[in-house]
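The structure under discussion appears below in the form of structure tokens.
Read the figures in this text as sums done on the coordinates, not as results from a lab. On a predicted model such as this, the values are computed, not experimentally measured, just so you know. All Cβ positions, glycine included, derive from the backbone under ideal geometry; neighbour counts span all protein chains shown.
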Amino acid sequence: MQKLSTQDRFRGVLIGTAVGDALGLPAEGVSRRRISRLFPGPWRHRLIAGRGMLSDDSEHTLFISQALLTELNSVEAFARRFAWSLRWWFVSLPAGIGLGTLRSIVRLWLGFSPANSGVRSAGNGPAMRAAPIGAMFADDAEKRQAYVAASTRVTHSDPRALVGAQVVANLCAWSVCTGAAERPQAIQFLELLRTSGEHEPQWLAIVEDMARAVAADWSVQAYADSLGLHKGISGFIYHTVPVVSYAWYRHFGDFQATLSAVLDCGGDTDTTGAIAGALAGAVVGEPGIPRSWIQGIVDWPRGAGLCYRVADQLCEAARTQQALPVIRYLWPALLLRNALFLLIVLAHGFRRLLPPY
């Protein structure tokens with residue numbers, strides 16, 4: 001693996017998120033069996049004319065990244081900034097808001113504070129946006145934990161949601177902090193997982209089961225099967241995070257293999273793809289992500305170009321430990337973009353009514 005700069009890794013996190021999100025989006029909610037029939041061959045962009053667009057997974061990652069830029073030294077201000085982004089994101093009429101996130105945004109508009117707006121849900125939202133926090137505070141575990149907790153509480157109050165988000169942030173932090181030239185030893189990997197949820201018995205049981213999969217070198221699909229995910233990975237954070245973490249470890253240093261293994265499992269593919277892309281991207285950096293997968297993203301104004309600019313600004317903020325201005329973009333265009341995106345998503349929904357089944 002070539003020597004990577006910190007900037008490469010920050011870019012890998014955000015661009016990896018976008019790539020995984022865009023590749024997985026057309027297959028969201030499709031079973032593993034039908035994916036192989038509906039989308040045969042290697043993974044490529046298939047949303048519209050061989051190109052891809054971004055969903056809420058990438059958008060939330062950008063919101064968190066922008067909040068980190070301006071509120072690097074106040075976790076309360078960071079949570080308020082993220083909550084502000086969510087309120088106005090809702091006004092732009094995005095497609096596919098998760099039920100838990102929708103309920104929390106309504107609570108925010110009703111006047112609930114960001115510390116109390118989260119609802120009792122163990123959905124994937126907190127995990128899909130946790131990687132930038134891990135990259136920013138790669139060498140500061142206490143601050144990393146505080147910011148992940150603040151990000152989680154805005155939308156989710158279930159302790160399992162926090163554990164899943166901490167796992168993603170900690171794996172990302174390990175990659176950035178250590179330089180991640182080689183895969184961690186199995187005992188080190190499993191300990192990273194345990195310490196992310198050491199007070200949550202259900203999570204510790206999952207880690208013990210994963211230890212058996214690691215020892216036997218199961219495929220990612222075989223491990224997913226052991227969790228009962230034969231049809232696809234659900235939106236439950238204790239399904240998504242274990243499978244994605246296992247794929248990160250088993251295919252360490254190979255972005256394409258990591259992402260493909262996760263997407264092949266089916267289910268919530270845009271979110272699992274986004275998280276897997278972020279974690280694998282932190283390891284291989286932006287140079288390790290297939291160029292065709294990056295260039296195939298045609299979204300605007302929140303597209304790959306914005307991800308690059310935000311990643312570079314985030315890297316500079318991490319280097320100086322000084323707050324920096326957010327990256328501006330033409331946000332009024334989002335209403336038109338979201339209307340077009342909704343039409344494309346609906347077209348895919350109708351396409352799924354047709355064979356092959």
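So here's what we get for this one:
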| item | result |
| --- | --- |
| Mean separation of Cα contacts under 8 Å (6+ apart) over length of the chain, as relative contact order % | 33 |
| Cα-based radius of gyration of the chain once divided by 2.2 N^0.38 Å, which approximates compact folds | 0.90 |
| Residue order, fewest to most beta carbons within 10 Å, for MET136, MET128 | MET136, MET128 |
| Distance cut-off 20 Å, percentage of C-alpha pairs in the range 253-334 lying past it | 45 |
| Gyration tensor verdict on the range 189-340 (Cα atoms; rounded if a/c is under 1.5, prolate if a/b is larger than b/c, oblate otherwise) | prolate |
| Hydrodynamic radius (Kirkwood) for the range 100-153, which is based on Cα pairs only, to one decimal in Å | 11.9 |
| Dipole moment magnitude, nearest 20 debye, the chain about Cα centre, only Lys, Arg, Asp, Glu C-beta charged | 1000 |
| Residue order, fewest to most beta carbons within 10 Å, for THR70, THR155, THR178 | THR178, THR70, THR155 |
| Contour minus Cα-Cα distance for SER113 and LEU93 (0.36 nm per residue) | 5.0 nm |
| Three-way shape call for the range 1-151 based on the alpha-carbon gyration tensor, with the a/c threshold at 1.5 | oblate |
| Alpha-carbon centroids, the range 144-181 and the range 60-83: separation in whole Å | 14 |
| Trypsin sites (Lys or Arg not before Pro) restricted to DSSP loop in the range 317-357 with at most 12 other C-beta within 10 Å | ARG328 |
| Cα gyration tensor, the range 117-228 - rounded (a/c under 1.5), prolate or oblate | oblate |
| Computed [θ] at 222 nm, deg cm²/dmol, the chain (DSSP H ≥ 4; -39,500 (n - 2.57); rounded to nearest 500) | -20000 deg cm²/dmol |
